[in-house]
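Before any comments, here is the structure.
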Amino acid sequence: AQSVTQLDSQVPVFEEAPVELRCNYSSSVSVYLFWYVQYPNQGLQLLLKYLSGSTLVKGINGFEAEFNKSQTSFHLRKPSVHISDTAEYFCAVSVPFTDKLIFGTGTRLQVFP
Amino acid sequence: DAGITQSPRHKVTETGTPVTLRCHQTENHRYMYWYRQDPGHGLRLIHYSYGVKDTDKGEVSDGYSVSRSKTEDFLLTLESATSSQTSVYFCAIGAGPSGLNTGELFFGEGSRLTVL
């Protein structure tokens with residue numbers, strides 16, 4: 001079975017500072033990896049995804065993530081955050097050719113002026 | 001944006017009453033999912049459907065039932081609501097586990113249910 005661990009439930013950061021949101025996964029088979037973002041009172045939307053190929057994945061709004069197979073990690077980064085990045089971020093994993101997406105418990109990013 | 005509509009968006013009900021949440025899609029996607037979101041738990045899968053009249057249980061299915069009589073509609077029913085079912089419910093759709101599908105899902109805006 002697959003599982004996802006988001007190591008930080010909350011990450012406070014000042015505007016224009018860099019940020020890293022951590023995600024580790026567990027799986028005995030190859031997986032696809034995702035980051036979703038949820039703005040207040042909204043549904044989730046896809047930020048970026050890793051399927052194969054380059055381990056550095058770029059997404060929307062200046063976010064990027066790096067797949068590290070040896071450390072089973074998929075950390076999300078942004079070099080300079082904005083107030084508008086305040087949201088909850090979910091890491092998720094799926095196994096190719098299966099029909100389920102497994103989510104982590106989420107990390108709440110709070111950006112302060 | 002994916003065409004997903006959830007209704008109602010907000011509902012307050014009393015313990016023991018039945019509740020039905022509706023998810024409607026205009027994307028003709030084969031797969032539809034119901035998740036619940038609770039603080040500290042992230043999103044947990046309740047039930048999903050892989051076609052008309054084809055459904056399966058997720059990790060937190062107790063107390064919930066679903067039905068899918070048309071491709072575009074997926075209903076979630078709480079036969080007798082309890083306070084532990086107070087949550088935000090999200091519907092999601094996906095193309096399914098075909099060779100080209102990644103498992104990416106598209107989400108509705110959520111239905112907030114309060115059971116008193």
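The values are calculated or read from the model by the stated rules, or taken from the named source; none is laboratory data. Here the structure is a predicted model, which is why all the values come from computation and not from measurement. Cβ coordinates were reconstructed from backbone atoms using ideal geometry, including for glycine residues, and neighbour counts include every protein chain displayed. With ligands, DNA and RNA removed, areas are computed over all heavy atoms of the protein, side chains included. Shrake-Rupley method; radii C 1.70, N 1.55, O 1.52, S 1.80 Å.
List of remarks:
- Counting the residues of the stretch B:37-63 that are outside any strand (DSSP E or B) and either touching a helix residue (DSSP H, G or I) at 6+ places or on another chain (Cβ under 8 Å) or β-branched (Val, Ile, Thr) (or both) gives 3.
- Some residue of the stretch A:77-90 being of a type in the set (S, T, N, Q) and open to solvent by less than 30 Å² (accessible area, probe 1.4 Å): no
- Selection of the stretch A:79-101 for residues being outside any loop (DSSP other than H, G, I, E, B) and at the interface with chain B (Cβ under 8 Å from one of its Cβ atoms) yields A:PHE90, A:SER94, A:LEU101.
- Checking B:LYS57 against (1) in contact (Cβ under 8 Å) with a residue 12 or more places away in the chain; (2) within 14 Å of another protein chain (Cβ to nearest Cβ), the condition it does not meet: (1)
- The set of residues in the stretch B:19-32 being in a strand (DSSP E or B), more than 8 Å from chain A (Cβ to nearest Cβ) and farther than 14 Å from B:GLN85 by Cα consists of B:ARG22, B:CYS23, B:HIS24, B:GLN25, B:MET32.
- Filter result (in contact (Cβ under 8 Å) with a residue 60 or more places away in the chain, open to solvent by less than 70 Å² (accessible area, probe 1.4 Å), over 11 Å from the mean Cα position of the chain (by Cα) and more than 10 Å from chain A (Cβ to nearest Cβ)) within the stretch B:1-13: B:PRO8, B:THR13
- The lone exception for A:ALA1 - which of (1) part of a strand (DSSP E or B); (2) within 30 Å of B:ARG30 (Cβ to Cβ) it fails: (1)
- Residue in the stretch B:85-92 that is assigned to a strand (DSSP E or B), at pLDDT 95 or above and closer than 30 Å to A:SER52 by Cα present: yes
- Against the criterion of being small (Gly, Ala, Ser), part of a loop (DSSP other than H, G, I, E, B), surrounded by fewer than 17 Cβ atoms within 10 Å (Cβ to Cβ) and within 14 Å of chain A (Cβ to nearest Cβ), B:GLY16 does not qualify.
- Checked against (1) more than 9 Å from chain A (Cβ to nearest Cβ); (2) within 17 Å of B:HIS10 (Cα to Cα), B:HIS47 passes all but condition (2).
- Of A:VAL19, A:VAL111, all but one fail to be touching an Asp or Glu at 6+ places or on another chain (Cβ under 6 Å) and at pLDDT 95 or above; the exception is A:VAL111.
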